[in-house]
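> Provided herewith is a single structure, encoded as C-alpha cells, for subsequent inquiry.
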Amino acid sequence: MKHSFFRFSAVVAGVLFAFAFLALPAADAQLSKIFRRDFQLENLVVTEVSSVNEHEGIIKAVRKRDATFCFEFSGGKKHSIPCAEAAVSDANVYIITVSGGTELFFKNRTAATLADFSAGDKINVFGNTQEDTGTSTIDAIIVRNMSDKGEGKKVLVYHQLNNLLLVSMTEEAGGSRIITAQSRGGDTYTITVKNVTIFLTKNRQPVTISAFTVGTVFNVWGLFNTADKTMNALIIRTLSDETTGATIQGVIQSIDGANIVLKVEKATGFPHLAGRMITIQSGLTASTSIQVHGMLDPAGNIMNGVRRIIFKPFADGN
C-alpha cells in the first residue's frame, strides 16, 4: 500500500510538471522572454554607442563566430554555454542597455564612463539577457572595455590609504570638511568628508568627526583620484585611540596657548615622523610649574640662551 502511494504521488507530480511545461510557449525565443538569467559575454566588438549622459545609454556590439565566449552563472559558479546564434548572419548583434546602476570599467578595472567606449572596442558584458532571433538585449550590470584604453589614464578608483597624519581640517559650505593629510613617505593628500562618511574608532566602533583632530593618524577608504591625490572619503578609521611614550626633537613653528606646533627633526622609535608637523598639547597654563636652564641677567630680570625647559603641571601647586 505504501509503495502504491509513492507511485501514485510520482505519477501526479509528473503529470503536473508536464502540464506546466506544455502550458509554456514552445519556441526557445519565447521561453527566453519568460526566463531571465545572469549571463556573461566576452570579446564582443562595439559597433555603435549612443549616450544620454556619461552613465546611461546604449552600446551595440557584435560577435564573430568562434571569437566570443558565453557563460552562465548558477550555484556560485561560472559555466560555459553556447552563444546565441543569429538567424541569417555570421554576426549576432547585441543591444546593451547601460543604466545609472551599471558599473563601467577599463581593462585595468579602473572606473570608466560611456565616453570611454567607441566603435571597434572589445568589451566583456555581465548582466541579465533576453535572447531573441538574431538579436540579444542585455541589461548590463558590468561592462568592461578590454581595449588598451585607460592605461596610464588619470582615473577614479576605490582605494584605501593607510597611516595618514591629519595636518589640517577646514569646514566647507554645506557641512562638508576638507582634510589635508600626509603619508609616512611625505605625500600630501586632500580628503573630502561629507555627511555620508562613516567614522570609526581603532576597534571599529562608530564615532563622530570630533575624534579626528590635528595629529590624528588614520586610515581612509573612498573614491580616489590618482591624478591629483584627492579622495571622497566613505570610511575613516582613527588609529590614534592609543598613545605611547615618545621623545621628539624639532623646531617650534607656532604657539597657540597650550598648543605648540613642532616640525619634527627626530622622534625616537618613530623615524617616519621626521619632517612632519606635530601638535604638542603641552598643558602649559598660568599655574604650571617649570624649571629653566639658561643664562640669567638678575639685574634685568631676563634669561636668555635657554638650553632646557622642564615643566610639569601640579594640581596642588607643589
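> Longer than 27 Å from Cα to Cα, which of Lys60/Lys149; Lys202/Lys229; Lys122/Lys194; Lys194/Lys229; Lys60/Lys229; Lys60/Lys107 are they? Say none if no pair is.
Violating the 27 Å Cα-Cα cut-off are Lys122/Lys194; Lys60/Lys229.
> Read phi for every residue in region 183-198 and hand back ³J(HN,Hα) as whole Hz from Karplus 6.51 cos²θ - 1.76 cosθ + 1.60, θ = phi - 60°, with x for Gly and Pro.
My calculation for region 183-198 gives 8, 4, x, x, 6, 9, 10, 10, 10, 9, 10, 10, 5, 8, 5, 9 Hz in order.
> So, one more: What net charge is computed for the residues neighbouring Val264, neighbours being all others with C-beta under 13 Å from the C-beta of Val264, Lys and Arg scored +1, Asp and Glu -1?
+3
> For region 156-238, with only Lys/Arg (+1) and Asp/Glu (-1) charged at the beta-carbon, what is the dipole magnitude about the Cα centre, in debye rounded to 20?
Here region 156-238 has a charge dipole of around 300 debye.
> Treating region 152-282 as a set of equal point scatterers at the Cα positions, no solvent, please give the Debye-formula log₁₀ I(q)/I(0) at q = 0.12 Å⁻¹.
-0.49
> A further question on this structure: What order do you get for Phe106, Phe117 when you list them from fewest to most C-beta neighbours inside 10 Å?
By the 10 Å Cβ count, ascending, the order reads Phe106, Phe117.
> A follow-up question, please. Check Ser118: other-chain or 5+ apart residues with amide H under 5 Å from its amide H, H built from backbone geometry?
none
> Pulled fully out, how much extra length does the chain show between Ser254 and Ile235, if you take 0.36 nm times their separation in residues and subtract their Cα-Cα distance?
Gain in length upon complete extension: 3.7 nm.
> Over all directions, what mean area does the Cα convex hull of region 248-312 project, stated in square nanometres?
5.3 nm²
> Also, I was wondering about something else. For region 248-312, with only Lys/Arg (+1) and Asp/Glu (-1) charged at the beta-carbon, what is the dipole magnitude about the Cα centre, in debye rounded to 20?
200 debye
Every number here is computed from the coordinates shown, using simple stated rules; none is lab data. Worth saying up front: this structure is predicted, and the values here are computed from it rather than measured. Cβ: placed from backbone, ideal geometry, glycine included. Neighbour counts: every protein chain shown.
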